[in-house]
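Student: Dropping a structure here in structure tokens format, bear with me for questions.
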Amino acid sequence: MKHTVYIDGQAGTTGLQLRHKLERHDAVELLLISEEKRKDEAERKRLMNSAEVVFLCLPDEAAREAVKLVENPNTCIIDASTAHRTHPDWAYGFPELSRVHREKIAQSKRIANPGCHATGFIAAVYPLVAMGIIGKDYPLTAHSLTGYSGGGKAMIAEYEAAERPFTFDSPRQYGLGQQHKHLPEMQHVTGIDAPPVFMPIVCDFYSGMATCVPLISSLFQKKISKAEFLGMLAEYYKGAGLVGIGQEESGFLAANPLRDSNRLELYLEGNDERMTLVSVFDNLGKGASGAAVQNMNIVLGLEETTGLM
């Protein structure tokens, strides 16, 4: 017997990616809403309460309202919006971070799916704090390159328009006021004292992401070489099905080699004094729909990479 799943907001970029993955997932039955009833609250409520797992692919306020429609105590909600990522009653959906994270996901009926930029930053920084390499007061900075699909349908249309501004040919930094919506999540999950100075950059390619965290070893809490640091990271993520350590020997590190993938790879570049820790992944995969399906698999007691490899 298959597990029943419903996507609320399946017309958006993440919703479409989720539907594509779930239609190929052998263990689930996708409950579909007819186009004419897509905004019919009664029909949405009926389908949500009929499903074992509900994915919310909605704006923040709409996601909060959608949660109120679920009255079935056995229905698990996986929210892809920003709305619940720092909420104490919601599990944070990044199982590779720790045994505690994984167990909370498995036992929870409310799971907040991580944001894309936040996924890259947290994958790099959480182990550093957990292993005592840096203190919570370390002055962190990060820049994060993303494909334009991260901006959703509106940005995709802008980038793929026949007549578009010439500035779209160049990488464009945004979030210039240091108020990016992923910053609270970055600080909350890693436990750092202050959010990083964060520089998100959208580029002229469809999907892919490279989140870069510069590090100065003289500010570490313990003296370690680059090789020792790399070994500690490899041990930390040992056995993680969708997170691993990458190796780049060409002298160039691109942001899109894992496009259409659900993996994340960490690269440690630099030397013993100055290093850059880089998370490379697909903003639509491990940064969105791939992570959501992984969390669903854990909740349903399935192999976590089912439908993702």
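The values are calculated or read from the model by the stated rules, or taken from the named source; none is laboratory data. Predicted model only: the values in this text are computed from it and were never measured. All Cβ positions, glycine included, derive from the backbone under ideal geometry; neighbour counts span all protein chains shown.
Student: Pull up segment 199-232, narrow it to residues that are surrounded by fewer than 21 Cβ atoms within 10 Å (Cβ to Cβ) and small (Gly, Ala, Ser), then point me to the one that is nearest to Ser170 (Cα to Cα).
Tutor: Here the residue is Ser217.
Student: With respect to Ala154, is the statement that it is buried (at least 18 other Cβ atoms within 10 Å of the Cβ), among the small types (Gly, Ala, Ser) and out of contact with any Phe, Trp or Tyr (no Cβ under 6 Å at 6 or more places or on another chain) true?
Tutor: Details: buried (at least 18 other Cβ atoms within 10 Å of the Cβ): no; among the small types (Gly, Ala, Ser): yes; out of contact with any Phe, Trp or Tyr (no Cβ under 6 Å at 6 or more places or on another chain): yes.
For Ala154, the condition - buried (at least 18 other Cβ atoms within 10 Å of the Cβ), among the small types (Gly, Ala, Ser) and out of contact with any Phe, Trp or Tyr (no Cβ under 6 Å at 6 or more places or on another chain) - is not met.
Student: Six or more apart or on different chains, Cβ atoms under 9 Å: show the pairs whose first residue is in segment 50-79 and within 16 Å of Ser289 (Cβ to Cβ) and whose second is among the polar types (S, T, N, Q) and assigned to a strand (DSSP E or B).
Tutor: From segment 50-79, the pairs are Val53/Thr4.
Student: Would you pick out the residues in segment 1-48 that are polar (S, T, N, Q) and crowded, with 16+ Cβ neighbours inside 10 Å? Lay out the reasoning, then the answer.
Tutor: Here is the first cut: in segment 1-48, the residues polar (S, T, N, Q) are 4, 10, 13-14, 17, 34.
Those that are polar (S, T, N, Q) and crowded, with 16+ Cβ neighbours inside 10 Å: Thr4, Gln10, Thr13, Thr14, Gln17.
Student: From the list Asn271, Asn297, which residue is at pLDDT 95 or above, farther than 21 Å from Pro127 by Cα and either buried (at least 17 other Cβ atoms within 10 Å of the Cβ) or polar (S, T, N, Q) (or both)? Give the steps one after another, and end with the answer.
Tutor: Numbers: Asn271 fails: farther than 21 Å from Pro127 by Cα.
After ruling out the rest, the residue left standing is Asn297.
Student: Continuing with this model, one more query. Yes or no: segment 241-258 includes at least one residue that is surrounded by 23 or more Cβ atoms within 10 Å (Cβ to Cβ), more than 20 Å from Gly147 (Cβ to Cβ) and over 16 Å from the mean Cα position of the chain (by Cα).
Tutor: Within segment 241-258, not a single residue is surrounded by 23 or more Cβ atoms within 10 Å (Cβ to Cβ), more than 20 Å from Gly147 (Cβ to Cβ) and over 16 Å from the mean Cα position of the chain (by Cα).
Student: Of everything in segment 1-49, what is under 15 Å from Val293 (Cβ atoms), of a type outside the set (Val, Ile, Thr) and in a helix (DSSP H, G or I)? Give them in sequence order.
Tutor: Gly15, Leu16, Gln17, Leu18, Arg19, His20, Lys21, Leu22, Glu23
Student: List every residue pair whose Cβ atoms lie under 6 Å apart, where the two residues are 6 or more positions apart in sequence or sit on different chains, the first residue falls within segment 181-192 and is in contact (Cβ under 8 Å) with a residue 60 or more places away in the chain, and the second residue, located anywhere, is of a type in the set (Lys, Arg) and surrounded by fewer than 20 Cβ atoms within 10 Å (Cβ to Cβ).
Tutor: Between residues of segment 181-192 that are in contact (Cβ under 8 Å) with a residue 60 or more places away in the chain and residues that are of a type in the set (Lys, Arg) and surrounded by fewer than 20 Cβ atoms within 10 Å (Cβ to Cβ), the close pairs are Gly191/Lys136; Ile192/Lys136.
Student: For the structure I just gave you, tell me whether Thr167 is surrounded by fewer than 16 Cβ atoms within 10 Å (Cβ to Cβ), β-branched (Val, Ile, Thr) and in a helix (DSSP H, G or I).
Tutor: Working: surrounded by fewer than 16 Cβ atoms within 10 Å (Cβ to Cβ): yes; β-branched (Val, Ile, Thr): yes; in a helix (DSSP H, G or I): yes.
In short, yes.
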